[in-house]
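Colleague: One structure follows; several queries about it will come next.
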Amino acid sequence: MRTSIVVGSRGSRLALIQTESVVAKIREVNPCLEVSIRKIVTAGDRDHHTRLDRIGVAVFVKELEEALLDNRIDIAVHSLKDVPTEIPSGLRLLAVTERLDPRDVLVARSRLDDLPVGSRIGTGSLRRSVQVSGYRPGLVVDSIRGNVDTRLRKVYSGEFDGVILAAAAVLRSGWEDKVTQYLDLEHFLPAVGQGALVVEARCDDKEMTDMVSPINHLPTWQSVAAERAFLRALGGGCRAPIAALGTVDSGKLKLRGMVADASTGRALRAQEEGDAGLPEEVGVRLARKMIGMGAADFVARARWK
């Protein structure tokens, strides 16, 4: 059994906070293990301007996955919402830690309902943009990129009247006091995997599987497995405004989904329930239901934009 491992992480403040939280859990179940963190710069870290629906979320994980395949690191820690549904050959998702609040939050001069018509809201997510425009058509939604602190500064400087962020990112950063409003799930479903952290490893690394598997939080794993199966079955990525949230209670899994047409703002919503032990089946059933409602046309239009 190895006595030390190297964990790969993006180098941002938030990424390192997230990685340290996962490392702490690994140390709890492997108290004699020496763990070091290697910071790796990704394409997403270098490009702070291009919209994510143009470049894809894989830009936040590709270099970490290459480091895994090259044996430069033993595991990588990601925000699960940044991980595409298709994993490179030779790699696998090994464990997720318990999910934090999956909701989106608003940091602004006032609550969303009270912002004047014409207020400028920043988000780097097409999903959020569509949901904000559907809820408050009079607001101006503009693209914004950068770390959480960069986005917050743009509100305080007056460049934006508000920004929408993942609650988990704000909470992990220790900035809960800056939240103006937690956005309700009825109108603002989160990205697939939002709020969850995941450990990725090589498929053939049995030692790492034995070390890390005990930190897996089963209800979170079941929830995100359903969400990712839903996204995969739709054939969507970040180019299409797709949202989903799974919740597990007493062995039952409830999955809510949203698929929107970015060009018209029209959004479809549906839900499915099933056995938490068969999360992928629940995700596929919901995808098929929404395809029957017309979601496939929305996804196709987004793909060819």
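The values are calculated or read from the model by the stated rules, or taken from the named source; none is laboratory data. If you're wondering where the values come from, they're calculated on a predicted model, not measured in any experiment. Note: ideal-geometry Cβ built from the backbone for every residue, glycine included; neighbour counts use all protein chains shown.
Colleague: Please state which of the following conditions ALA95 fails to meet, knowing it meets all the rest: (1) of a type in the set (A, V, I, L, M); (2) within 26 Å of VAL259 (Cβ to Cβ); (3) in contact with a helix residue (DSSP H, G or I) (Cβ under 7 Å, 6 or more places away or on another chain).
Modeller: Here ALA95 clears every test but (2).
Colleague: Evaluate the following for HIS78: is it at pLDDT 95 or above, outside any helix (DSSP H, G or I) and closer than 26 Å to GLY122 by Cα?
Modeller: Judged against the criteria, HIS78 is a match.
Colleague: Scan ARG128, ARG92, ARG109, ARG153 and give me the residue that is under 22 Å from GLY265 (Cβ atoms) and basic (Lys, Arg).
Modeller: When all the criteria are applied, what remains is ARG128.
Colleague: Within segment 26-51, can you find the residues that are modelled with pLDDT of 90 or more and of a type in the set (Lys, Arg)?
Modeller: Those that are modelled with pLDDT of 90 or more and of a type in the set (Lys, Arg): ARG27, ARG38, LYS39.
Colleague: Continuing with this model, one more query. Determine if segment 190-200 includes at least one residue that is surrounded by fewer than 16 Cβ atoms within 10 Å (Cβ to Cβ), under 20 Å from VAL7 (Cβ atoms) and in the same structural domain as ALA76 (by TED's automatic domain parsing).
Modeller: No, every residue in segment 190-200 fails to be surrounded by fewer than 16 Cβ atoms within 10 Å (Cβ to Cβ), under 20 Å from VAL7 (Cβ atoms) and in the same structural domain as ALA76 (by TED's automatic domain parsing).
Colleague: Let me ask another. GLU98 versus (1) charged (D, E, K, R); (2) buried (at least 22 other Cβ atoms within 10 Å of the Cβ); (3) touching a Ser or Thr at 6+ places or on another chain (Cβ under 8 Å): which is the lone unmet condition?
Modeller: (2)
Colleague: Please indicate, with yes or no, whether at least one residue in segment 221-232 is closer than 29 Å to LEU106 by Cβ, outside any helix (DSSP H, G or I) and not assigned by TED's automatic domain parsing to the domain that holds ALA24.
Modeller: No, every residue in segment 221-232 fails to be closer than 29 Å to LEU106 by Cβ, outside any helix (DSSP H, G or I) and not assigned by TED's automatic domain parsing to the domain that holds ALA24.
Colleague: When you go through GLY283, GLY292, GLY277 one by one, which is the residue that is in a loop (DSSP other than H, G, I, E, B) and more than 20 Å from SER133 (Cα to Cα)?
Modeller: Answer to the check: GLY277.
Colleague: Which strands (runs of 3 or more DSSP E) does segment 93-192 wholly contain that include 1 or more residues that are out of contact with any strand residue (DSSP E or B) (no Cβ under 6 Å at 6 or more places or on another chain) and acidic (Asp, Glu)?
Modeller: none
Colleague: From the residues in segment 1-25 that are assigned to a helix (DSSP H, G or I), within 17 Å of ALA201 (Cβ to Cβ) and not basic (Lys, Arg), which one is farthest from the chain's Cα centre (by Cα)?
Modeller: Selected residue: VAL23.
Colleague: Just need a number here: residues in segment 101-115 that are in contact (Cβ under 8 Å) with a residue 12 or more places away in the chain, surrounded by fewer than 19 Cβ atoms within 10 Å (Cβ to Cβ) and more than 16 Å from LYS81 (Cα to Cα).
Modeller: 4
Colleague: Kindly indicate whether SER223 is among the hydroxyl-bearing types (Ser, Thr, Tyr) and crowded, with 24+ Cβ neighbours inside 10 Å.
Modeller: yes
Colleague: All but one of (1) surrounded by 22 or more Cβ atoms within 10 Å (Cβ to Cβ); (2) without any contact (Cβ under 8 Å) to a residue 60 or more places away in the chain; (3) over 20 Å from ALA58 (Cα atoms); (4) among the small types (Gly, Ala, Ser) hold for GLY277, so report the exception by its number.
Modeller: The number of the failed condition is (1).
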